[in-house]
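J.: Let me give you the structure first, and then I'll get to my questions.
No value in this document is a laboratory result; all are computed from the given coordinates. Owing to the predicted nature of the structure, the values given are computational and were not obtained by experimental measurement. Neighbour counts are summed over all protein chains in view; Cβ atoms, including those assigned to glycine, are modelled from backbone coordinates with ideal geometry.
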């Protein structure tokens with residue numbers, strides 16, 4: 001790769017990093033092209049040299065952010081397998097640490113309500129990444145002996161994302177902590193007796 005291509009790739013990575021931070025903190029509407037480019041230390045005029053549209057940027061940013069979130073959560077589960085892996089991931093996701101640090105966490109609580117109004121490209125990116133996450137969780141649930149592992153994986157993911165979104169909305173109240181705890185316990189009860 002030539003020096004010019006390397007500079008362009010580094011610029012693209014800065015744009016994606018800036019967009020990822022803004023999406024997590026402010027949602028899609030709060031991540032204007034101008035703010036994204038400012039966060040990347042670049043001018044708005046350079047945006048279209050990297051992305052054909054904001055929708056394209058949002059789709060790629062969601063993919064990157066969700067893959068990063070999955071990797072972080074998988075690392076938090078360590079060498080656990082089966083139901084213990086799923087419980088460890090749920091504990092990490094539904095934690096005060098994750099609730100209180102949206103900048104470094106999952107982008108879904110801040111973006112889901114807007115995705116339905118976005119271009120098909122954004123919705124397709126979300127569907128692909130949720131599908132990948134469900135496949136990973138389903139594989140762990142199969143190890144634990146659950147027959148309906150795909151549906152159960154989707155229910156676990158929905159409980160996690162919905163619980164975190166509600167806990168963030170209630171941040172600063174005792175109810176926020178209760179939501180996190182209730183969602184973790186619900187998942188743990190569903191998986192009780194599974195290894």
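J.: Below 8 Å, C-alpha to C-alpha, sequence gap of six or more: please give me the relative contact order for the chain in percent.
T.: Relative CO of the chain lands at 24 percent.
J.: Describe numerically, in nm with one decimal, the distance between label points set 7 Å from Cα along Cα→Cβ at residue 113 and at residue 192.
T.: 3.4 nm
J.: So what's the angle, to the nearest 10 degrees on a 0 to 90 scale, between helix 174-190 and the longest Cα principal axis of the chain?
T.: Taking Cα atoms only, the helix is inclined about 60 degrees.
J.: Measure nothing fancy, just the Cα-based angle from helix 149-169's long axis to the longest principal axis of the chain, in degrees from 0 to 90, nearest 10.
T.: The helix 149-169 is inclined about 70 degrees to the chain.
J.: At q = 0.11 Å⁻¹, what log₁₀ I(q)/I(0) does the chain have when each alpha carbon counts as one equal point scatterer in the Debye sum?
T.: -0.54
J.: Between 75, 110, 59, where does the largest GNM mean-square fluctuation fall for the chain, given springs only between Cα atoms within less than 10 Å?
T.: Among 75, 110, 59, the largest mean-square fluctuation in the Gaussian network model of the chain belongs to 75.
J.: Can you sort 98, 50 by how many other beta carbons sit within 10 Å, fewest first?
T.: By the 10 Å Cβ count, ascending: 50, 98.
J.: Under the definition of Cα pairs under 8 Å and six or more residues apart, what whole-number percent is the relative contact order of the stretch 109-195?
T.: Over the stretch 109-195, the number comes to 25 percent.
J.: Turning to a different aspect of this structure: What is the fewest-to-most order of 156, 44 by other Cβ atoms lying within 10 Å of their Cβ?
T.: 44, 156
J.: Oh, and also: Return the FRET efficiency for the residue pair residue 5, residue 174: r is the Cβ-Cβ distance, R0 is 35 Å, and the value is rounded to the nearest 0.05.
T.: 0.10
J.: What is the order of 42, 160, 37, 139, fewest Cβ neighbours within 10 Å to most?
T.: In order of increasing Cβ crowding within 10 Å: 139, 42, 37, 160.
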